[in-house]
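What follows is a short report on a single structure.
The values are calculated or read from the model by the stated rules, or taken from the named source; none is laboratory data. The structure presented is a predicted model; accordingly, all values stated were derived computationally and were not measured. Quick reminder, even Gly has a Cβ in these numbers, built from the backbone with ideal geometry, and neighbours come from all protein chains shown.
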Amino acid sequence: MTIELTELSAQHTSDAAARRARSRHWAEFRLKAYGIIAISLAAAALVILASTIVVRTVGTVYEYYISIDVELDLRERDLARINDPDPRIRADLRSVIRDGLRGTVEGDLGRAERRQLFALTSGDAGFELGDLVKADRQLLGETLRFRALLDDEVQLYLKGKIGELHDAGSFGTVTPRKIEGSDEIELGLSPLALAEGRAMLQEARAAAAKLERAEASRQAAAVAQTEADIAEATDASQEEKKRLEDLLSRFTTARDAANARADALLRKATDRSAYFRLTSGDPSIILRLNGGWLKVTALSQERLAGIELDPLDSLDPPDEGDWQALLFDRPESERNISDRQLVWLENLERSGTLDRAFNWRILSQSDSSNAELAGIWGALVGSFWTMMVTFLIAFPVGVLAAIYLEEFAPKNRVTDLIEVNINNLAAVPSIVFGLLGLLLFVSGLKFNVFGMEIMIGGFVPRSSPMAGGMVLALMTLPTIIIAARASIRAVPPSIRDAALAIGASKLQTATHHVLPLAMPGIMTGTIIGMAQALGETAPLLMVGMNSFIQEPPASPLEPGNVLPTLIYQWNNHSERLFDDKTAAAISILLIFLVAMNALAVLLRKRFERRW
Amino acid sequence: MDSRIKIASKNVNVYYGTTHAIKNVSLDIEDRAVTAFIGPSGCGKSTFLRCLNRMNDTIDICRVTGDIALDGTDIYGREVDPVQLRARVGMVFQKPNPFPKSIFDNVAYGPRIHGLAQNKADLDAIVEQSLRRAAIWDEVKDRLDEPGTGLSGGQQQRLCIARAVATAPEVLLMDEPCSALDPIATAQVEELIDELRQSYSVVIVTHSMQQAARVSQKTAFFHLGDMLEYDETSKIFTNPENEKTQQYITGRFG
Amino acid sequence: MLPFVVLAIMVIAIIAFQLCRSKAVASAGGTLALLHSRPSYHGVYSLLWVLIIGLGVFIALDLIGFAIVDSLMRGELDNLLASTGETLRQIEKDLRISDAIKIVRGGLASSEGPIRLELADYFAGLERWRIGVVAVGSLAAAGGAFYVTYQQVAVGFRARNRSERILRSILWTAAAIAVLTTIGIVLSLIGETMHFFFTQIDGRFDAFFFGTTWSPLSGVHSGVMDPTKVGAIPLFAGTLMITMIAMLVAVPIGLFAAIYLSDFASASARAWAKPMLEVLAGVPTVVYGFFAAITVAPFIRDFGEAVGLSVASESALAAGIVMGIMIIPFISSLSDDVINAVPQSLRDGSYGLGATKAETIRKVILPAALPGIVSAVLLGMSRAIGETMIVVMAAGQGANLTWNPLEAVTTVTVQIVMLLTGDTDMATASGPAFTLGFTLFCVTLLLNVVALRIVRSYREMYD
């Protein structure tokens, strides 16, 4: 009892208290800062997510075409398909397209070169031309200027996503000369420029060697880890040991191979020999002179050698400035577009044969294994059917259930059970609903009753929007019931009392008075539930809605997929254009979701009533 | 010494957004005395009370102008820390609001955050003295570990008073401390207030004129944001100068 | 054809409504007050019965007919095959049957062989019978229902009470569907789970719950699995690791964001931060999966490489971080709710004693809101455990038992998807897949029940 409370008051104005207050405020500032950091992190995540999608979507806004002259002088088989009245029979006029493509480049082409040339256009360009002719048979026998869609890798290149040919600098005068007994052409050039080029190539090789070395050390780490595992696993099963041994030998091989590649590169990087040969692993050096293109294959002290990618008009020495050295940093072996294709595209671009158009295709076409052709129309239709099924089941059932639970249900254990059940159902992982749908709707539950096999369910075709819609309906049901109950509960009892007092039955009160007043709230909840269903993927994978769908389903019973599963499928493709297309599909999905949520917010604002 | 001024306020105005809640109120509160604020609902007496320890700061739209000085220092001054101010000017609320903690922790809360106790023994002593001061020690001394929310309403309110006292304030503000209590608990709290007057300057807002008459030495009458009259309690209740005061006291409105 | 039958039943129902109503009016003989129920209730009563009986019989006949047609088709196909001496796998048989149906219905069949055409003929015959039986049967049932109810119309007939009773049972049925769903989930999962435990792995529960090697489809002999390869521990460990990483991201960020928004933020900061978090909550999981696979995983791998760590391109860290981002809004909005539910009087009490906001939050609000926050975390965990798309797209597929978050691990949900969508035999793969699904269901259900119970008791404390 040594403390006198009133004397303690003096402490509040002491210096110690002031110091203490400072540290207390500092603690408060820290807490506030944590909050701001937390919100900023969440915002940053959102911004990065959004920009990832937007940036990639932008890459799909345009698609690229080449205009070629095609002679519609068809072969027998193609003619038969063109003349077939069934609109589903399509003709592939790829040979016509190929003939047209031949007309766009100079010189004779070997087999491999022809293949490279034909690879410039999409695999489906022939079908598109066929469709064009089928729609207008008057064109038969005519010559037509046709815009053929370009291949996905070519499109990526034209969008600058693979790299670009850039100016390597100017290097004085050159004197071209044909090398006897070889395809190569020799050019005399200033030794300084040649030394510079050689240094650049050596640097690139050293850098590549470094990357290989890093890969080798990664594999070496794996080897060490596996060796440790083996040492530990003395009492493991024979099989386990075998698995580890296999793993070890795989890692060892990979490590040694990477080391060997690195050694080879280093050796080449330090190559001091007079004659320096370029490989496909080196950056490409390409010369433009006398109306043609040369690819450099070797450098010596005062000359370089090259092969013609596109024939030169003459071998006269060009004026300084009339020729150009270009560089493509990514080696030919690391891209799907060859040097020859590069110079053809360069020529075509200069002659105005290439153009781009807004990419309606992604909206109007269905899925395809060719990245440049794939579109979302089929999935959009599938999503539409799925949502229709979901809505037609979940909305009426949800509203009726909510009316029962709020207006009629006696307060007893059964009602309690239903209530707990609905809350728990809302938190069951979506994939579990998918399992239920797979078994109940698609495969059917088989029971063995007294030796007789009885099957329940299993009446919905796999992969159909009907199956997906029913699963999503079960998933959305709790959301709708919870929202509907909340808005029914929000209708004041006075309105019920008023209706009951003038002799309306409970059912009449509920349907005539309570339900109309609760409707805006129910609609808001339903739209939010439907938006969730629209973005749902996992349960639909279970009922097989990730199938490859080239035609939009004509009814909810035909196989189809939906936008989210299409996104999932596209994400699995390795073609790089699919990455961008996936982002575009996501953008479209998000547009729908934003629109639905905006509608919900609007409804809430418009009809919100405070009782 | 007896009539020393503890809080001097001059031309205080309070605005809630665009509402002018307190209009130009000037009044001085004496040390070691009980001052009562009376008036009809919504007259601004609670608002004014909350200005005295800057509790209004926690409301975003609230704005206070004028001078309020505690022992001659402007409490709205730049260098004044509202947190430290509130340690000197404690507050008890209308509804008992014990924290969902033990009785001991409830009372020890203030001393702990303000660092009043150097050690556990000191803290125990402060808690015991506060509970004794709040006249609840005998009822709770055997169950200090039980939650404060388990006490009865009157006990809870006295616990809240003990909690306020434990912070060692110089002024105690009480915002209708008995309005949620039954008559017996009210009587206990009133008795307590009378005792607290020995050590603190107490300001109490009340709806009950009887209560004001019983516990206070000075009384201020508020009406629609104006302070109409401020005087000795006995004078206000026997011979008010203002007509409105007269009407209110005699029960013609309010 | 069959949609027209449905339409016809509806037309009969409307006619029944009109006729019964006029009969009721006629039977009252001008004084409608004599009727126990208003004429339209007599109409509604008849209409409901016609619809229930007509559509019920329609659906029943249709399903039964479909099953009969299907088994007859299979029998016929077997006959046809026996006559040509061909043997086909089940999937090839299915293809022929679906092609035959397509030929009849005018779709584009994958090819048109003689067997298909014969089968198509057979199907066309069956289909005519089926449609005939369904149409006649259901229309007759609807007509019968109309006849009976029409006879019942009389002055004293309690049509209103009876039709309301019917409507009430319809309402009840709707409410029961929610319960039926749960029962359906449990039933369908349990059946396959039992099949897995008792038939496929011969009662070796320990092999599933404690085994450390997961490769159920390797070494399957006539439907029986190798018990040494069905150990789910690597999946549980992987799920747990990714969930923990997600919670390490989501709980601090979500909680601090909630604290900031409820007690520090200005109204304008709240006005943009809350919708921002809602947007984060509305992003579909497949989009998060894409984000994880295309942005976060490569970033983490490159970053790891830059500092000299070897990071798998499908590291648990990437999937976990993105999952954490997904759960942030979940934690923050639930925590925000419970923090706001702490009464203002407690805050005032603390401020009145001279506590700072930070002290008030730490010592008064958080302890008071703790049960709610705990349940928010539990619900978030349950969501993370059941989350599928992010891990399917960004986590590994091989079962790998490791403590290193930079390596690839797999999860329960990934394995379910792989087993059921891969190039696998459904009959074998569904055993382990549904067993994993059942485990998932039980764990998340437990978390939810506990969390909801905590929330409920917490609500009662302050209501």
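Mind listing whichever residues of the range A:423-437 are more than 7 Å from every other protein chain (Cβ to nearest Cβ) and among the hydrophobic types (A, V, I, L, M, F, W, C)? Answer for the range A:423-437, where residues must be more than 7 Å from every other protein chain (Cβ to nearest Cβ) and among the hydrophobic types (A, V, I, L, M, F, W, C): A:ALA426, A:PHE433.
Annotation: of all residues in the range C:375-417 being closer than 14 Å to C:ALA232 by Cβ and hydroxyl-bearing (Ser, Thr, Tyr), the one that is nearest to the chain's Cα centre (by Cα) is C:THR413. Just the residues that are part of a helix (DSSP H, G or I) and within 30 Å of C:PHE291 (Cα to Cα), please, taken from the range A:47-102. Of everything in the range A:47-102, those that are part of a helix (DSSP H, G or I) and within 30 Å of C:PHE291 (Cα to Cα) turn out to be A:VAL47, A:ILE48, A:LEU49, A:ALA50, A:SER51, A:THR52, A:ILE53, A:VAL54, A:VAL55, A:ARG56, A:THR57, A:VAL58.
The listed residues are C:ALA159, C:ALA178, C:ALA250, and the only one of them that is closer than 30 Å to C:ASP336 by Cβ and touching a Phe, Trp or Tyr at 6+ places or on another chain (Cβ under 8 Å) turns out to be C:ALA250. Filtered by the rule that a residue be within 9 Å of another protein chain (Cβ to nearest Cβ) and either touching a residue at least 40 places away in the same chain (Cβ under 8 Å) or not β-branched (Val, Ile, Thr) (or both), the range A:38-49 gives A:ALA38, A:LEU41, A:ALA42, A:ALA43, A:ALA45, A:LEU46, A:LEU49.
Residues that are surrounded by fewer than 24 Cβ atoms within 10 Å (Cβ to Cβ), more than 16 Å from A:TRP377 (Cβ to Cβ), facing chain C (nearest Cβ under 9 Å) and not small (Gly, Ala, Ser) within the range A:539-568 comprise just one, A:ASN546.
Residue by residue, here is whether (1) more than 10 Å from every other protein chain (Cβ to nearest Cβ); (2) under 25 Å from the mean Cα position of the chain (by Cα) holds:
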residue: C:VAL230; (1), (2): yes, no
residue: C:PHE236; (1), (2): yes, yes
residue: C:GLY282; (1), (2): no, yes
residue: C:VAL286; (1), (2): no, yes
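Filtering the range A:581-610 to residues that are within 15 Å of A:ALA374 (Cα to Cα) and either within 10 Å of chain C (Cβ to nearest Cβ) or aromatic (Phe, Trp, Tyr) (or both) leaves A:THR582, A:ALA583, A:ALA585, A:ILE586. Contact map, the range A:245-262: residues that are of a type in the set (Lys, Arg) paired with residues that are crowded, with 17+ Cβ neighbours inside 10 Å and in a helix (DSSP H, G or I), Cβ distance under 7 Å, separation 6+ or inter-chain. Pairs shown: A:ARG255/A:ALA216; A:ARG255/A:GLN219; A:ARG255/A:ALA220; A:ARG255/A:VAL223; A:ARG261/A:GLU212. Inside the range A:84-130, can you point out the residues that are among the hydroxyl-bearing types (Ser, Thr, Tyr) and either under 17 Å from A:ASN370 (Cβ atoms) or touching a Pro at 6+ places or on another chain (Cβ under 8 Å) (or both)? A:THR121, A:SER122, listed by residue number. When we screen A:ILE482, A:ILE527, A:ILE522 for residues that are under 24 Å from C:THR388 (Cα atoms) and more than 10 Å from every other protein chain (Cβ to nearest Cβ), the only hit is A:ILE527.
Checking the structure you have, find out if any residue of the range C:454-462 is in contact (Cβ under 8 Å) with a residue 12 or more places away in the chain and within 26 Å of the chain's Cα centre (by Cα). Yes. Of the numbered criteria (1) surrounded by 19 or more Cβ atoms within 10 Å (Cβ to Cβ); (2) not in a helix (DSSP H, G or I), the one C:GLY308 fails is (1).
For the range A:244-275, residues that are farther than 17 Å from A:GLU227 by Cβ and of a type outside the set (S, T, N, Q) total 16.
Quick one: which strands (runs of 3 or more DSSP E) sit completely within the range A:250-362 and have at least 1 residues that are among the hydroxyl-bearing types (Ser, Thr, Tyr)? So that I can check it myself, show each step before the final result.
Numbers: elements: A:284-289, A:292-299, A:303-310, A:324-328, A:354-358.
Passing ranges, in order: A:284-289, A:292-299.
Selection of first residues in the range C:280-307 that are free of Cβ contacts under 8 Å to residues at least 12 places away in the same chain and of second residues that are in a helix (DSSP H, G or I) and of a type in the set (Ser, Thr, Tyr), restricted to Cβ pairs under 9 Å at least 6 apart or on distinct chains, gives the following pairs, ordered by first then second residue: C:ILE294/A:THR52; C:ILE294/A:THR582; C:THR295/A:THR52. Here the helices (runs of 4 or more DSSP H) wholly within the range C:191-287 that include at least 1 residues being of a type in the set (Ser, Thr, Tyr) are C:233-259, C:267-282. Between A:GLU71, A:GLU76, A:GLU63, which is more than 14 Å from chain C (Cβ to nearest Cβ), crowded, with 19+ Cβ neighbours inside 10 Å and of a type outside the set (A, V, I, L, M)? Sole residue among the options that is more than 14 Å from chain C (Cβ to nearest Cβ), crowded, with 19+ Cβ neighbours inside 10 Å and of a type outside the set (A, V, I, L, M): A:GLU63.
Among the residues of the range C:414-441, those identified as under 26 Å from C:MET381 (Cβ atoms), hydrophobic (A, V, I, L, M, F, W, C) and facing chain A (nearest Cβ under 8 Å) are C:ILE416, C:VAL417, C:LEU420, C:ALA433, C:PHE434, C:LEU440, C:PHE441. Of the residues C:ILE390, C:ILE416, C:ILE327, the single one that is free of Cβ contacts under 8 Å to residues at least 60 places away in the same chain, in contact with a Gly (Cβ under 7 Å, 6 or more places away or on another chain), assigned to a helix (DSSP H, G or I) and over 20 Å from C:ASP263 (Cβ atoms) is C:ILE416. It is to be established whether one or more residues within the range A:125-137 are more than 18 Å from A:ARG88 (Cβ to Cβ), touching a residue at least 60 places away in the same chain (Cβ under 8 Å) and outside any strand (DSSP E or B). Looking for residues that are more than 18 Å from A:ARG88 (Cβ to Cβ), touching a residue at least 60 places away in the same chain (Cβ under 8 Å) and outside any strand (DSSP E or B), one finds none in the range A:125-137, hence no.
The conditions of being touching a residue at least 12 places away in the same chain (Cβ under 8 Å), at the interface with chain A (Cβ under 8 Å from one of its Cβ atoms), part of a helix (DSSP H, G or I) and more than 30 Å from C:SER332 (Cβ to Cβ) are not met by C:ARG168.
In the list A:ARG330, A:ARG335, which residue meets the criterion of being surrounded by 15 or more Cβ atoms within 10 Å (Cβ to Cβ), modelled with pLDDT of 85 or more and of a type in the set (D, E, K, R)?
A:ARG335
Would you mind finding the one in C:LEU47, C:LEU72 that is in contact (Cβ under 8 Å) with a residue 12 or more places away in the chain and buried (at least 19 other Cβ atoms within 10 Å of the Cβ)? Testing whether each residue is in contact (Cβ under 8 Å) with a residue 12 or more places away in the chain and buried (at least 19 other Cβ atoms within 10 Å of the Cβ) leaves just C:LEU47.
For C:THR243, the conditions (1) at pLDDT 95 or above; (2) more than 30 Å from C:THR193 (Cβ to Cβ); (3) not hydrophobic (A, V, I, L, M, F, W, C) are fulfilled apart from (2).
In the range C:171-191, the residues that are within 7 Å of another protein chain (Cβ to nearest Cβ) and over 20 Å from C:SER430 (Cβ atoms) form Cβ pairs under 7 Å with partners that are aromatic (Phe, Trp, Tyr) and in a helix (DSSP H, G or I), at six or more places apart or across chains, as follows: C:LEU171/A:TYR404; C:LEU171/A:PHE408; C:TRP172/A:TYR404; C:ALA174/A:TYR404; C:ALA175/A:TYR404. Here C:ALA341 meets the list (1) in contact (Cβ under 8 Å) with a residue 60 or more places away in the chain; (2) surrounded by 24 or more Cβ atoms within 10 Å (Cβ to Cβ) almost entirely, failing just condition (2).
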